[in-house]
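The structure under discussion appears below in the form of structure tokens.
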Amino acid sequence: MSQLKDSYIQSHFTNKDPDGRRYKMADILAKGQGPARKFGEKLLEPPAGTHWRFGQEKIDELMKQGRIGFTKQGTPAVKMYLDEKEGSVVHNIWNDIPPVNPMALERVDYPTQKPEALLDRILKASSNEGDLVLDCFCGSGTTAAVAEKLKRRWITCDLGRFAIHTARKRLLGIPGVRPFVVQNLGKYERQMWQAAVFPGSARGPRAESGGPPDSPTPPTSPPSESDARGLRRAAEDDTPAACSPQRAYTEFLLQLYHAKPVRGYTWLHGLRSGRMVHVGAVDGPVTTGDVAQIAAEFKKSIGQGADAPARNGVDVLGWDFAFELNEVARQQAAAANIQMKFIRIPRDVMDKRAVESGDIHFFELGALSVDVKVAKREATLKLTEFVIPPDDVPEEARAAVKHWSQWVDYWAVDWDNQGDTFHNEWQAYRTRQDGTLTLEASHAYAEAGEYAVVVKVIDILGNDTTKTVKVRVK
Ligand SMILES: C[S@@+](CC[C@H](N)C(=O)[O-])C[C@H]1O[C@@H](n2cnc3c(N)ncnc32)[C@H](O)[C@@H]1O
């Protein structure tokens, strides 16, 4: 592989043809006296002690191609095009690509961001257009961004939400970016914790995600992963805690949540202050499918036996909530006439010292309010409030936020959701260059009718909150 340094290109290839091709003028004289040659109509003697490097035939050919130009002094020189230069071979130590500097336009403020020039070299050296590039540790998404620009296909992963969100915004900022999906596949760090604390409970990575990515509706057709997971949990939850790691895990969390375990249910695990409690699995997000199952079982349980709920309410504890869940699930629960609360299991439960000191706090998920105005065929959405749960928010971040909208880093709208994947049809987000964010979005519908509009907000910590609103246009 060979490549010219940028600085060399800038200082040497200073000329451009009308079509933008860069070139430099190279001397065609060499040492040792030689004969005069014809350059078009001009017969030119080489200066004393030199000769023209090319014979007459080659000079005629280069003249015909327009590749010989003349200096101000009238000395012929050959045009050497940058795109024909091979450059010198790249060595094992690549110290010609500087790190991303603080003022660089490509900088996204991700601590370990790599320069695009580095990935550009790697991808050009190892792939062709249309090839598939995989980066399992994407961070700010440099590999995917460069792959996209170089017309490669790409898959990229990271275990951090902030990384995923940074990469998503970066990719969306590429002019003409092709559609892509964001999937949430599970939490392996927590699986390892579960396996260590409740030996025998680890199942290995989940093969499937919590439903299709960004899908705002519950899966309706079997086989459902929720079913399988619920039944598996139920079977294990019926064995004594001492011999079921799964039950030990559920009871551990119920105890931290100050709830008492209940028996005989598949989806409902505990009771606290008259409300039922569901404990989400460690190895994946709570999905809208789970919520449908919890709601169905809750409805059946009312007034049934000693462990029946005294109040119309379920607290759904989850480590994570599928990207689409949150507001959609709230709406689902409200439609079933159940007061459901979605409560995040704090990371602190994995911290032995925090558990021992009893310093564990559970918080409700963020809430989003959206105002809708319709004028004929045009709908205008306005974000009117966004409440972020206090969990995980560093104190300095909380203190710096003076208005709720500062929590919002990005929001997107699917104007006509068909109950399938969320389609980013409109989006607005803050960038390093422009920290402002509009809180309004409008859309003109071609046809009258009722539309399901899905609004997705991503906060500055990378958490998704999604809400569906109905819009009727005439
Ligand atoms: C050095 S950074 C990558 C930086 C990236 N090349 C860029 O230009 O921004 C490594 C990333 O790997 C992620 N990571 C670490 N362990 C991981 C794992 N087991 N699975 C997925 N991502 C992981 C981290 O969250 C971090 O974002």
| Which residue pairs have Cβ atoms closer than 7 Å, lie 6 or more positions apart in sequence or on different chains, and pair a first residue in the stretch 123-143 that is under 15 Å from T166 (Cα atoms) with a second residue that is away from the ligand (no atom under 12 Å from the Cβ) and open to solvent by less than 20 Å² (accessible area, probe 1.4 Å)? | G141/L171; T143/V133
| field | Residues that are in contact with a strand residue (DSSP E or B) (Cβ under 7 Å, 6 or more places away or on another chain) and surrounded by 14 or more Cβ atoms within 10 Å (Cβ to Cβ), drawn from the stretch 41-66 | value | L44, P46, T50, H51, W52, R53, I59, L62, M63
| query | Restricting the search to the stretch 334-358, which residues are touching a residue at least 40 places away in the same chain (Cβ under 8 Å) and either exposed (fewer than 10 other Cβ atoms within 10 Å of the Cβ) or touching a helix residue (DSSP H, G or I) at 6+ places or on another chain (Cβ under 7 Å) (or both)? | reply | A336, I338, M340, F342, I345, V349, M350, V355
| Scan of the stretch 128-147 for residues that are open to solvent by 10 Å² or more (accessible area, probe 1.4 Å), more than 8 Å from the ligand (Cβ to nearest atom) and not small (G, A, S), ordered by number | N128, E129, D131, L132, V133, L134
| Top-ranked residue in the stretch 107-123 [being assigned to a loop (DSSP other than H, G, I, E, B) and more than 10 Å from the ligand (Cβ to nearest atom); ranked as nearest to S7 (Cα to Cα)] | R107
| task | Can you confirm whether the stretch 156-164 contains a residue that is assigned to a loop (DSSP other than H, G, I, E, B), open to solvent by less than 30 Å² (accessible area, probe 1.4 Å) and not small (G, A, S)? | result | no
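Yes or no, residue by residue, for (1) within 24 Å of K474 (Cα to Cα); (2) surrounded by 15 or more Cβ atoms within 10 Å (Cβ to Cβ); (3) of a type outside the set (D, E, K, R):
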site: G366; (1), (2), (3): no, yes, yes
site: T384; (1), (2), (3): no, no, yes
site: A399; (1), (2), (3): no, no, yes
site: D434; (1), (2), (3): no, no, no
| remark: Considering residues that are free of Cβ contacts under 8 Å to residues at least 40 places away in the same chain and more than 9 Å from the ligand (Cβ to nearest atom), the number found within the stretch 148-167 is 9
| request: Residues being in contact (Cβ under 8 Å) with a residue 12 or more places away in the chain and among the small types (G, A, S): count how many of those fall in the stretch 425-439. | output: 1
| request: Tell me which residues, restricted to the stretch 451-468, are open to solvent by 10 Å² or more (accessible area, probe 1.4 Å), at pLDDT below 95 and either assigned to a strand (DSSP E or B) or within 14 Å of W426 (Cβ to Cβ) (or both). | output: A452, D464, K467, T468
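Could you count how many residues in the stretch 106-122 are surrounded by fewer than 12 Cβ atoms within 10 Å (Cβ to Cβ) and either without any contact (Cβ under 8 Å) to a residue 60 or more places away in the chain or in contact with a strand residue (DSSP E or B) (Cβ under 9 Å, 6 or more places away or on another chain) (or both)?
Initial filter on the stretch 106-122 (surrounded by fewer than 12 Cβ atoms within 10 Å (Cβ to Cβ)): 109, 111-112.
Pick out the ones that are also either without any contact (Cβ under 8 Å) to a residue 60 or more places away in the chain or in contact with a strand residue (DSSP E or B) (Cβ under 9 Å, 6 or more places away or on another chain) (or both) and you get 111-112.
Final tally of qualifying residues: 2.
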| So which residues in the stretch 27-40 are out of contact with any strand residue (DSSP E or B) (no Cβ under 7 Å at 6 or more places or on another chain) and open to solvent by 50 Å² or more (accessible area, probe 1.4 Å)? | P35, K38
| message | Would you confirm whether or not the stretch 300-313 contains a residue that is at pLDDT 70 or above, within 37 Å of the chain's Cα centre (by Cα) and open to solvent by 10 Å² or more (accessible area, probe 1.4 Å)? | response | no
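The values are calculated or read from the model by the stated rules, or taken from the named source; none is laboratory data. In this text the structure is predicted, and so the values were computed from the model without any measurement. FYI the Cβ positions are ideal-geometry reconstructions off the backbone, even for glycines, and counts take in every protein chain you see. What goes into the accessible areas is simple: the full protein's heavy atoms, side chains included, and nothing from ligands, DNA or RNA. Shrake-Rupley method; radii C 1.70, N 1.55, O 1.52, S 1.80 Å.
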